[in-house]
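Data block below; observations after.
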Amino acid sequence: MQAKICYLDFLLAENTLTDEQLTMLERLYQEIREVCGDETVTEEHLPRLPYLNAVFHETLRRHSPVPLIPPRFVHEDTKLAGYDVPAGTEMVINLYGCNMNKKEWESPEEWVPERFTGGRLEVADMYKTMAFGAGRRACAGSLQVMHIACTAIARFVQEFGWRLTEGDEEKVDTVQFTAYKLHPLHVHLTPRGRM
């Protein structure tokens, strides 16, 4: 039996399942198997699933769900990156641009979960994608969202094998300023038969 659902950028991260990405997907599956065995993944397993955490953060970096932060007003005269910014100025932060900055990220156009593993980044760096905002305006539910999303991703990987519909590998078009595809990609899910 195969199920067909809309492609999950969140899980597969890129527009094609290359051999390298199949290896990444298999690595994630193996990590889940090693930690959980035959148990269903739960929130309690998450601290022992570092590659899953890396997949989550790298996906938020490479495929930011919100590429621009809504406008904010500067409350007092300030200097930012050497520029004078007067009070009352309306500013928009380009998260996509920040997450694709070659000064901050090596090969930013590539989806590389390993950049978030092995102590390569400090805990604070996990949040420099600003997917949940920052400072006083940060999402109060970010930790809960991370737990729910990582558990869901792990369950999808634990329960199903994945493959794209033939021909979908070339569908790379997106609607500007959103994560939506103009032509949805579809993935075939095959139950792994765990139960």
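Taking only the range 75-98 into account, find how many residues are assigned to a loop (DSSP other than H, G, I, E, B) and aliphatic (A, V, I, L, M). So that I can check it myself, show each step before the final result.
At the first step, the residues of the range 75-98 found to be assigned to a loop (DSSP other than H, G, I, E, B) are 75-77, 81-82, 86-89.
With aliphatic (A, V, I, L, M) added as a condition, the list becomes 81, 87.
Qualifying residue count, the range 75-98: 2.
Given the structure, is R62 basic (K, R), at pLDDT below 95 and within 26 Å of Q144 (Cβ to Cβ)? Talk me through it step by step, then tell me what you get.
On the way: basic (K, R): yes; at pLDDT below 95: yes; within 26 Å of Q144 (Cβ to Cβ): yes.
Considered against the rule, which asks whether it is basic (K, R), at pLDDT below 95 and within 26 Å of Q144 (Cβ to Cβ), R62 comes out as yes.
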Residues of the range 151-195 being exposed (fewer than 13 other Cβ atoms within 10 Å of the Cβ), at pLDDT below 65 and under 30 Å from V41 (Cα atoms), in sequence order, are Y180, R194, M195
Worksheet item: Looking at the range 77-90, is at least one residue touching a residue at least 24 places away in the same chain (Cβ under 8 Å) and not basic (K, R)?
Response: no
The lone condition Y7 fails out of (1) under 16 Å from the mean Cα position of the chain (by Cα); (2) of a type outside the set (A, V, I, L, M); (3) at pLDDT 95 or above is (3)
Apart from one, (1) aliphatic (A, V, I, L, M); (2) farther than 21 Å from L49 by Cα; (3) in a loop (DSSP other than H, G, I, E, B) all hold for A131; the odd one out is (2)
Check whether at least one residue in the range 135-147 is in contact with an Asp or Glu (Cβ under 8 Å, 6 or more places away or on another chain) and at pLDDT 90 or above, and report yes or no. yes
Note on the range 28-70: residues farther than 19 Å from E114 by Cα and surrounded by 21 or more Cβ atoms within 10 Å (Cβ to Cβ) are V41
Q.
Tell me whether the range 139-160 contains one or more residues that are within 30 Å of T78 (Cα to Cα), touching a helix residue (DSSP H, G or I) at 6+ places or on another chain (Cβ under 7 Å) and either in a helix (DSSP H, G or I) or hydroxyl-bearing (S, T, Y) (or both).
A. no
Residues of the range 29-76 being touching a residue at least 24 places away in the same chain (Cβ under 8 Å) and acidic (D, E), in sequence order, are D38, E43, E58
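Quick one: how many residues across the range 66-116 are of a type in the set (V, I, T) and at pLDDT 90 or above? Step through it out loud before you land on a result.
Within the range 66-116, the subset of a type in the set (V, I, T) is 66, 69, 74, 78, 85, 89, 92-93, 112.
Of the ones still in play, those that are also at pLDDT 90 or above are 74, 78, 85, 89, 92, 112.
Number of matching residues: 6.
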Of (1) assigned to a helix (DSSP H, G or I); (2) in contact with a strand residue (DSSP E or B) (Cβ under 7 Å, 6 or more places away or on another chain), R72 satisfies every one except (1)
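The values are calculated or read from the model by the stated rules, or taken from the named source; none is laboratory data. From a predicted model like this one, the values you see are computed outputs, not experimental measurements. We place every Cβ from the backbone using ideal geometry, glycine too, and count neighbours over all the protein chains shown.
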